[in-house]
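Asks: Provided herewith is a single structure, encoded as structure tokens, for subsequent inquiry.
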Amino acid sequence: MAITQTVSQTVSQTERTVSKPGRVLSVDVLRGITIALMILVNDPGDWDHIFGQLDHAAWNGWTLTDMVFPAFLFLMGASIIFSLQARIARGNCKGTLAGHIFARAGKILALYWVLAFFPRMHWTIRWFGVLPRIALCYLLASLVLLATRRVRVLIAIVAFLLVGYWVLLRWVPVPGLGTPMRDIPFMDQNANLASWIDRGVSSWSLRWLHTGTLYRKTRDPEGLLSTLPAVATTLLGALAGMWMINGQRVVNGMRRMRIGLAAMGVAGVAAGVLWSRWFPINKNLWTSSFVLLMAGWTALALAGCSWLIDDRPQPWPRWLRISSWPWLVFGSNAIAAFTVSVILVKVLLFFKIADSDGDKNNLWGVIYESVFARNGSTNWTSLAFAVSFVVICFLPNWWLWRKKIFLKL
């Protein structure tokens, strides 16, 4: 009974909040699902025992896990539009908005540095990563949207980024290695322009700054050059956000908006699959076909969430209140949820306990083996640990929600 009352209070608070400028309930819900999945796939109990869909594709191809990050960037693009609209309505000038954009990108990078140093406080870290990519995509996409929100111009910019990235990887020679499909295989894991640039940045950084490692030693899935198509993902989300805003302004516009989002989704999926014949779907390189495919799936998911949630008569049915409130709680404090998950992981890996033989094991392994894998590690025990970890990360967000504290960088 207490849980049902809390759920009702959560939804009621959300229904009041969503009426404010710049808030769209379906975006919050889908963002919450995305964050929960991100924590789930990042934190299995045993990396040697995971289901295939809960791990990234080794190279070409895609899995459910590969959908998480692009979905977050797509939704961030939509949120940028909602935020700009709200701030412009309050009378903010372009200079004020630009200052806010640079400040927020800087705060995201600062958070990355704090988390990177915690708890060992050493300098050997990656320049690239999830938060730096979020910061760069937010910065570049926001500046573009501050300069223009004309649909045709934005579509042209997206096309330029996607086609230009294809041209760079397909036809530009890689120094010291040769031309793709003539001297080296096209999209080889290490012999490609994006990986070559990442190695160059890392080498320069290690030489002069004594830091700057790569995730895969010879390449990085959040590298520098592949930020360009990731910005395109964010701008596609912004276009979806603009479409959603326009749908709210006309009679019966919500229905047409959802149909339009679904149509965009189908077109994106089809275009991504078609382009993959010449430019394979690849999350590691964030290929242009990957951008279109993931944007298509996210648009379809957003259309479905909007149909379930947005503009629904109140009070909501009980099944909808119960099924949506965890994602609303996660989605309302997405960065906080991600930060909590990273801190918990680092704490569990940092502290160690000595066993009867004197060997020291980190808390992560001790908890997993003593609670979840007492009879041996399997895919299911590893998943059970990950689900439990998501629940633990949810609790601080729930507390923030009940206190009406929404952390924004």
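Asks: Which value at 222 nm does the chain reach when only helices count, each DSSP H run of 4 or more adding -39,500 (n - 2.57), with the total divided by all residues and rounded to the nearest 500 deg cm²/dmol? Write down the numbers at each step before the final one.
Replies: Details: 14 runs with 262 residues, N = 409.
Result for the chain, helices only: -22000 deg cm²/dmol.
Asks: Please report, as a whole percent, how much of the solvent-accessible surface of the chain comes from carbon and sulfur atoms (probe radius 1.4 Å). Could the numbers behind the result be given before it?
Replies: Values: 12920 of 19980 Å².
Whole-percent figure for carbon plus sulfur exposure: 65.
Asks: Within 13 Å, Cβ to Cβ, of Val41, how many net charges do the neighbouring residues add up to if Lys/Arg are +1 and Asp/Glu are -1?
Replies: Details: positive: Lys283; negative: Asp43, Asp55, Asp66.
Value of the local net charge: -2.
Asks: Let me ask another. Take Ile259 and Ile322, extend 7 Å from each Cα along the Cα→Cβ direction, and tell me the distance between the two endpoints in nm.
Replies: 3.4 nm
Asks: Please tell me which of these pairs span more than 32 angstrom C-alpha to C-alpha: Lys107/Lys346; Lys94/Lys404; Lys283/Lys404; Lys217/Lys404; Lys94/Lys346; Lys283/Lys408?
Replies: Working: Lys107/Lys346 21 Å; Lys94/Lys404 30 Å; Lys283/Lys404 36 Å; Lys217/Lys404 43 Å; Lys94/Lys346 40 Å; Lys283/Lys408 28 Å.
Exceeds cut-off: Lys283/Lys404; Lys217/Lys404; Lys94/Lys346.
Asks: Quote the accessible area belonging to Met67 in square angstrom, nearest 10, computed with a 1.4 Å probe and with ligands, DNA and RNA left uncounted.
Replies: Accessible area of Met67: about 50 Å².
Asks: Within the chain, which complete DSSP H helices have Cα atoms spanning at least 27 Å along the helix axis and a mean Kyte-Doolittle hydropathy of 0.5 or higher? Intermediate values should be presented prior to the final figure.
Replies: Values: long enough: 68-89 (32 Å, 1.72); 94-117 (35 Å, 0.97); 151-171 (29 Å, 2.04); 227-247 (30 Å, 1.22); 253-275 (32 Å, 1.00); 288-309 (31 Å, 1.65); 379-402 (34 Å, 1.00).
Correct list, ordered by number: 68-89, 94-117, 151-171, 227-247, 253-275, 288-309, 379-402.
Asks: Shifting gears a bit: Report the net charge of residues surrounding Leu206, where surrounding means a beta-carbon distance below 13 angstrom and charges are Lys +1, Arg +1, Asp -1, Glu -1. Let's see the in-between values first.
Replies: On the way: positive: Arg126, Arg199, Arg207, Lys217; negative: Asp198.
Value of the local net charge: +3.
Asks: Sticking with this structure for a sec: Rolling a 1.4 angstrom probe over the protein heavy atoms, how many square angstrom per residue are accessible across the chain? Working shown, then result.
Replies: Numbers: 19980 Å² over 409 residues.
Accessible area per residue: 49 Å².
Asks: With all distinct Cα pairs included, what does the Kirkwood hydrodynamic radius of the chain come out to in Å, to one decimal, could you say? Provide the component values of the computation, followed by the final result.
Replies: Working: mean 1/r = 0.0440 Å⁻¹.
Answer for the chain: a Kirkwood hydrodynamic radius of 22.7 Å.
Asks: Here is a follow-up. Which order do the peptides 285-297, 24-36 take when ranked by the mean count of other beta-carbon atoms within 10 Å per residue, highest first? Let's see the in-between values first.
Replies: Numbers: 285-297: 26.5, 24-36: 24.6.
With the highest mean Cβ count within 10 Å placed first, the list reads 285-297, 24-36.
Asks: Answer rounded, prolate or oblate for region 72-175, using the Cα gyration tensor with square roots of eigenvalues a ≥ b ≥ c: rounded when a/c is under 1.5, else prolate when a/b is larger than b/c, else oblate. Intermediate values should be presented prior to the final figure.
Replies: Working: a/c = 2.67, a/b = 1.10, b/c = 2.43.
Cα axes put region 72-175 in the oblate bin.
The values are calculated or read from the model by the stated rules, or taken from the named source; none is laboratory data. Quantities reported herein were computed from a predicted structural model and do not represent experimental measurements. Note: ideal-geometry Cβ built from the backbone for every residue, glycine included; neighbour counts use all protein chains shown. Side chains included, ligands, DNA and RNA excluded: accessible areas come from the protein's heavy atoms. Shrake-Rupley method; radii C 1.70, N 1.55, O 1.52, S 1.80 Å.
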